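The values are calculated or read from the model by the stated rules, or taken from the named source; none is laboratory data. Owing to the predicted nature of the structure, the values given are computational and were not obtained by experimental measurement. Note that we place each Cβ from the backbone using ideal geometry, even for glycine, and neighbour counts take in every protein chain shown. The area values use the complete protein model at the heavy-atom level, side chains included, leaving out ligands, DNA and RNA. Shrake-Rupley method; radii C 1.70, N 1.55, O 1.52, S 1.80 Å.
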Amino acid sequence: MHTNSTYDVKGTRAEINLSFLKKNFDEIRKNIRSNVLIAGVVKANAYGHDLHTMSDELIALGCDYLMVANLREALSIRAHIEKSGVKASVPIMVMGVTTQDDFKRAVKADITLTIFTLEDANLLNDAALSLKKTAKVHVKLDTGFNRLGYKDHHLAVEDIQKMIQMQAIMVEGLFTHLALKDRDSDAIQFNRFDHVIHALEAKGIKIPIKHACDSIGTIAYPERQYDLVRMGALLYGYCSRPTPFELIPIMTLKTNISAIKWIEAGEGVSYDYTYMVNERRLIATLPVGYADGVPRALSNQGYVIINGMRAPIVGLMCMDQCMVDITAIPNCKIGSEVILFGSALLPLGVLASLAKTNRNEILSRISMRVPRVYYRDQEICKIVDYLL
Ligand SMILES: *Cc1c(COP(=O)(O)O)cnc(C)c1O
């Protein structure tokens, strides 16, 4: 999966292939209805792939909207776009709650907000009026996830009628989020969503951008794409359901062996000697630990790939380092390349299940200590290093 070009970037790093991002985006574009907008979900540092880099790339690829979890992420993209002078811009939306104290900051930066109370709509309207601007909002409906949104759908319809009368509010969107438990539970959620859409239409209100589907929803319910789909995982190359097109994971997490030693029968490895050997073993030390985002739960459970073979993680993972058993792997040297995930031999999904978590948790926790090295057409085109 990963590129084989020669380079001298060594040490723990996340290699991210922008050509694969383009392939994934183009496949998604081809496979969703042509009048449906694509929102790129870039929250949580773009699932670890770097917020600014992914925003730039997705804008260049023709993404219609960027969506994040909170206002600070949105403001960070806005500031980056302004600084870099990118002309082709896209709207930016906060999918989570924005507190009333932040309404002015949001309106100033033209950030689309999620709201689900009339009180917030009124205050946002006041903020926008005072700035002589219009605030774009997407109203959120809770159709069963029980996280955010109007639970009372009669009230939602009443409030939306009032919101569209407000001078400085533009109700651009209406959305909900699926629990994806099974098709029956999803159908109940879709029905509740459709019910509100119809109730609004009966009153002559047509909301331009209605949306319900994230990556899995888009794949599972092609007929339910409404006006926009919210794409996170799929862009980065992951889906836990079979997709009608090929996706390529765009990130490979790598490091290089930092030390090698033989240990003798009776010796232990790492804190507490949770791993003891009863015969001579060859142990490699890797300069990567849980502070880089590799789950500590992989201690004595996971493995890495070296020279195309599996090397088990032995002993407790440390904050900055871990040890692997390389006795069975020929030709290991200091500096040998190590893949932590992202090759056909060790996909992220396998690592996630060994660590008893999901792929997104691992991606989003890859820390600022890990430089992101970007490839396009087999060549390094950019390095993001949060420390230097
Ligand atoms: C994170 C998020 C998404 C994107 O989810 P993926 O499964 O990664 O596509 C979509 N919608 C909302 C509301 C989200 O919070």
Inset, instruction - Please arrange 214, 320 by accessible surface area, largest first, computed with a 1.4 Å probe and ligands excluded. - result: 320, 214
Inset, instruction - Highest first, please rank the peptides 39-47, 285-293 by the mean number of other Cβ atoms sitting within 10 Å of their residues. - result: 39-47, 285-293
Inset, instruction - State in Å² the accessible area per residue of the chain; use a 1.4 Å probe, count heavy atoms of protein chains only, and round to the nearest integer. - result: 45
Legend entry - Pairs beyond 25 Å (Cα-Cα), from 136/203; 140/206; 10/356; 87/210: 10/356; 87/210
Legend entry - Heavy atoms of residue 84: accessible area, 1.4 Å probe, square angstrom to 10: 60
Inset, instruction - Heavy atoms only, probe 1.4 angstrom, no DNA, RNA or ligands counted: give me 346, 131 ranked by accessible area, highest first. - result: 131, 346
Legend entry - Fraction of accessible area attributable to carbon and sulfur, the chain (%, probe 1.4 Å): 52
Legend entry - segment 287-388: trypsin sites (Lys or Arg not before Pro) in DSSP coil with no more than 15 other Cβ atoms inside 10 Å: 333, 356, 369
Inset, instruction - Return the whole-Å distance between the Cα centroid of segment 70-144 and the Cα centroid of segment 284-324. - result: 41
Inset, instruction - Give the accessible area for residue 314 in Å² (nearest 10); use a 1.4 Å probe, count only protein heavy atoms, and leave out ligands, DNA and RNA. - result: 10
Legend entry - Longest site-free stretch - the chain; sites: GluC sites (Glu not before Pro), DSSP loop, at most 11 other Cβ within 10 Å: 1-245
Legend entry - Listed residues 368, 276, 67, most fluctuating in the chain (Gaussian network, C-alpha, under 10 Å): 276
Inset, instruction - Just reorder 177, 49 by solvent-accessible area, largest first, 1.4 Å probe, all chains present. - result: 177, 49
Inset, instruction - For n ≥ 4 DSSP H runs only, could you compute -39500 (n - 2.57) per run for the chain, divide by its residues and tell me the 222 nm figure to the nearest 500? - result: -9000 deg cm²/dmol
Inset, instruction - Quick one: Debye curve from the alpha-carbon atoms of segment 251-384 only, equal weights, vacuum; give me log10 I(q)/I(0) at q = 0.09, 0.18, 0.21, 0.23 Å⁻¹ to two decimals. - result: -0.26, -1.00, -1.33, -1.53
Legend entry - Flagged links, alpha-carbon separation over 30 Å, of 30/382; 133/382; 108/162: 133/382
Legend entry - Rounded to the nearest 20 debye, dipole of the chain from Cβ charges on Lys, Arg, Asp, Glu: 380
